[in-house]
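Heads up: the structure comes next, in structure tokens.
Read the figures in this text as sums done on the coordinates, not as results from a lab. The shown structure was predicted, so the numbers you read here are calculated from the model rather than taken from an experiment. Virtual Cβ from ideal backbone geometry, glycine too; neighbours counted across all protein chains shown.
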Amino acid sequence: DESHTVMHYLALSNGFGVFDRDNEHRWEMAGYLNWANAVLGDILLNPGAPQVAPLIQAADQQAGFAVDAFRRWDFLTAATAARQAYTLVASAAKQLGAATPTLDAARRALPEAIVPRIVCTIRNPFN
């Protein structure tokens with residue numbers, strides 16, 4: 001008797017499953033780290049950047065935790081740490097009163113952006 005659990009990423013149900021949560025957290029982690037890097041670039045252009053060095057160091061540590069968790073496939077922890085990194089960097093920017101044009105641009109939708117539509121066709125021996 002083989003009693004073990006097999007995890008499937010196939011559509012075995014219509015529910016929001018493990019794959020969906022993992023995928024959501026992967027994208028969330030990437031988004032927060034991208035935003036943190038955008039804000040950090042703007043902070044480093046500010047002459048007062050050394051004043052917020054402890055916040056930047058703490059954010060960098062959280063970003064490292066996020067990457068480590070991601071490599072372990074612990075996507076929820078990765079997203080949580082990435083969000084913390086972004087929160088710390090955003091707090092540093094606020095404390096400095098630093099403008100964040102890079103982040104503002106990253107948050108803005110591209111005008112007239114065309115989202116590609118990818119269609120997958122079923123292949124069989126007759127086509």
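Remarks
- Estimated FRET transfer efficiency (Arg117, Asp22; beta-carbon r; R0 30 Å; 0.05): 0.75
- Average Cα contact separation per residue, region 25-109, under 8 Å, 6 or more apart, as relative contact order %: 46
- Taking all pairs of distinct alpha-carbon atoms in region 50-100, Kirkwood radius in angstrom: 11.1
- Approximating the spin labels as points 7 Å out from Cα along Cα→Cβ, the Gln61-to-Asn34 distance works out to 2.8 nm.
- In order through region 40-47: 3J(HN,Hα) via Karplus (6.51 cos²θ - 1.76 cosθ + 1.60), integer Hz, x for Gly, Pro: 4, x, 5, 5, 5, 7, 8, x
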